[in-house]
Amino acid sequence: MGFELNRFQGEVDEELVCPICSGVLEDPIQAPICEHAFCKSCITEWISRQPTCPVDRQIVTSPQLRQVPRIIRNLLSRLCITCDNAQYGCTRVLKLDALAAHLEECEHNPKRPLPCEQGCGLIIPKDELKDHNCIKELRALIHTQQQKLNEFQQEFTEQRFLLAEQRREMQLLKDFMRAMRISNPSMRAIADAMERDEVLRWSNSLQRARVTRWGGMISTPDEILQRMIKRTLTEMGCPPHILDDLMENCHERRWPPGLCSLETRQNNRRQYENYICKRVPGKQAVLVLSCDNPHMGEDMMVEPGLVMIFAHGIE
Amino acid sequence: MANIAAQRIKREFKEVIKSEEVAKCAIKLELLNDSYTELKGEIAGPPDTPYEGGNFVLEIRVPETYPFNPPKVRFITKIWHPNISSVTGAICLDILKDQWAAAMTLRTVLLSLQALLSAAEPDDPQDAVVARQYKENLEMFKLTAKHWTNVYAGGPFVNSDCDDKIKRLIDMGIEEHQARVALSSYNWVLERATEQLFS
Ligand SMILES: [Zn+2]
Ligand SMILES: [Zn+2]
Ligand SMILES: [Zn+2]
Ligand SMILES: [Zn+2]
């Protein structure tokens, strides 16, 4: 919408008046053929209703609108206008093209944001400063924040409840599938895929381990050591369906041919460096999952993977 | 009211006041409230028409969305015209509907309405009864329109034949305007008007 005519000093040429709002052109733009000029916001609003020139009704669409000639822009920029805040005491009269910059800093703007200097530091519109009370404002602020906090807390509780519900349902589904897979081959395939995905997800969540001294490997760990490692695996979120198998595979009697005796281990020790190992936090042990090690030969790997316990040498 | 509408009406009001049509008493505009939403318009019946010498008052309501939508205008003064309802004063004129353009003003509207009084468009009627009479019996139409102008708009042409027939119906207990409508609708044939009123 254009600038009110009575804000200008002297006569304003009719050419510079918007036929829609009857103010002096703001952000002027013109129709392509008839060259009638309008404020950009005015003509945009009109064209959104019907694609015609509001003066002569020739067809005009938004993309056809053109910049007005330089002469019109120059005439406009030279007009002298009073400040928007004249009614609040600003006596400045400015060239139209300097108005925007002045409004940015006009100290008579009743809405100019100023920081409170009595202590609260809040930014307040100038016209509200005289009725401003730091304590009241801050209390209101605390109140709204408290409210927000309560809302978040409530939402958090709801989400937690929902999550528990979903976990429970998920467990039910898993049990259901386990029961079904026995009798239904396609269900078995789906369940197998889900379990594979679960192992993969778990494996991706674990950190890589580096074995510095393969010679420290314990090929016949005792019961106590095994129980300790098993508890740690459970705490790490090991999928239950591979836990027992994994633990079985921590003893050389269940290791693959390439590892199962001192002799074969001697022969294959160069291949150890190729294993991708995952950390078992706080323990001198590593997980060698088969899903991480498809590149290893069959005689070096078993399903679902190996647990290797060491006397020392794990980073 | 939206700023743009108020700014426009303020300026248009001044424009009309300064216009030569006002100087010639052809049109008139009056503000009815401070918010520029309600105005009273007046147009003089054009010369060489049945409306000559009459003064027609219009109700003008300016919508919030003016000038992107046309003002809502209707005749307060009762008038006999194919494009104006003899009952409600509603107007059938394209620029007050889909042919409105944002650069048009109240002055253009008033002048267009005056032009409509000079040149009726019976093929795009607002009042079917009037339009039929206009097409089938132009002389009868002119006589009726002149009579209505005399009675409601202060026109100078008194038609004593019409007045007599209305008096006869009033004597039968019919209300005056109702009597005039019935007679106007039946080409001033007393019998048919009576028949219709008492059927
Ligand atoms: Zn404009
Ligand atoms: Zn145009
Ligand atoms: Zn200023
Ligand atoms: Zn403060």
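Please state the relative contact order of the stretch A:59-183 as a whole percent: Cα pairs under 8 Å, 6+ residues apart?
On the way: 75 pairs, mean separation 14.3, N = 125.
About 11 percent, as a whole number.
Based on DSSP H segments of at least four residues, each scored -39500 (n - 2.57), chain A has a per-residue ellipticity at 222 nm of -12500 deg cm²/dmol.
Once you charge only the Cβ atoms, +1 for Lys and Arg and -1 for Asp and Glu, what is the size of the charge dipole of the stretch B:144-190 about its Cα centre, to the nearest 20 debye? Please list the in-between numbers first.
Values: 5 positive and 6 negative charges, 24 e Å.
With only Lys, Arg, Asp and Glu charged at Cβ, the dipole is about 120 debye.
Legend: calculated FRET efficiency, B:Ala119 to A:Ile71, from the Cβ-Cβ distance at R0 = 45 Å, rounded to 0.05, equals 0.65.
Multiply the residue gap between A:Glu169 and A:Gln9 by 0.36 nm, knock off their C-alpha separation, and tell me the result in nm, one decimal place. Please report the intermediate quantities before stating the final value.
Values: separation 160, 0.36 × 160 = 57.60 nm, distance 7.65 nm.
Difference between extended and current length: 49.9 nm.
A straight chain from A:Asp222 to A:Glu155 at 0.36 nm per residue would run longer than the Cα-Cα distance by 19.2 nm. Under 14 Å from the 7 Å Cα→Cβ point of A:Glu298, by amide nitrogen: which residues of the stretch A:224-251? Output list for this probe position: empty.
Explain nothing, just the number: relative contact order of chain A, from Cα pairs under 8 Å at least 6 residues apart, as a whole percent.
10
Long hydrophobic helices in chain B: the complete DSSP H runs spanning 20 Å or more by Cα along their own axis with mean Kyte-Doolittle hydropathy of at least -0.5 are B:138-152.
Over all other residues within a Cβ to Cβ distance under 13 Å of A:Gln284, the charged ones net out to +3, with Lys and Arg as +1 and Asp and Glu as -1. Taken about its Cα centre, the stretch B:7-162 carries a charge dipole of about 400 debye when Lys and Arg each add +1 at the Cβ and Asp and Glu each add -1 at the Cβ. Model label sites at B:Thr108 and A:Glu235, defined 7 Å from Cα along the beta-carbon direction, differ in position by 8.4 nm.
Taken as entire DSSP H runs, the helices of chain A that both span 15 Å or more between Cα atoms along their own long axis and average -1.0 or more on the Kyte-Doolittle scale are A:134-181, A:185-205, A:223-235. Mean residue ellipticity at 222 nm, helices only, chain B: -13500 deg cm²/dmol; runs of at least 4 DSSP H residues each add -39,500 (n - 2.57), and the sum is divided by the number of residues.
Under the convention that each Lys and Arg Cβ holds +1 and each Asp and Glu Cβ holds -1, the size of the dipole of the stretch A:255-315 around its Cα centre is about 240 debye. Starting from the Cα of A:Arg208, move 7 Å in the Cα-to-Cβ direction to define the label point; list residues of the stretch A:250-274 whose amide nitrogen is under 16 Å from there. Hits in the stretch A:250-274 for A:Arg208 at 16 Å: A:272-274.
Using C-alpha pairs below 8 Å separated by at least 6 residues, the relative contact order for the stretch A:5-82 is 33 percent.
Among the GluC sites (Glu not before Pro) within the stretch B:6-85, those in coil by DSSP and having at most 14 neighbouring Cβ atoms inside 10 Å are B:Glu64.
Could you tell me which residue out of B:Gln196, B:Val130, B:Ile174 lies farthest along the dipole of the stretch B:128-198 toward its positive end? Charges go on the beta carbon: Lys and Arg +1, Asp and Glu -1, centred on the Cα centre. In the stretch B:128-198, that residue is B:Val130. The residue list A:Gln87, A:Gln50, A:Leu5 was ranked by how far each Cα lies along the charge dipole of the stretch A:1-130 toward its positive end, using unit charges on Cβ atoms, and A:Gln50 comes out on top.
Counting, for every residue in A:38-46, the Cβ atoms of other protein chains within 10 Å of its Cβ and taking the mean gives 2. Under a Gaussian network description of chain B, with springs only between Cα atoms under 10 Å, the residue in B:Arg107, B:Arg61, B:Arg168 that fluctuates furthest is B:Arg168.
Only the coordinates and a few stated rules stand behind these numbers; no lab work does. Values in this document were obtained by computation on a predicted structure and should not be read as measured data. Every residue, glycine as well, gets a Cβ built from its backbone with ideal geometry; the counts of neighbours run over all protein chains shown.
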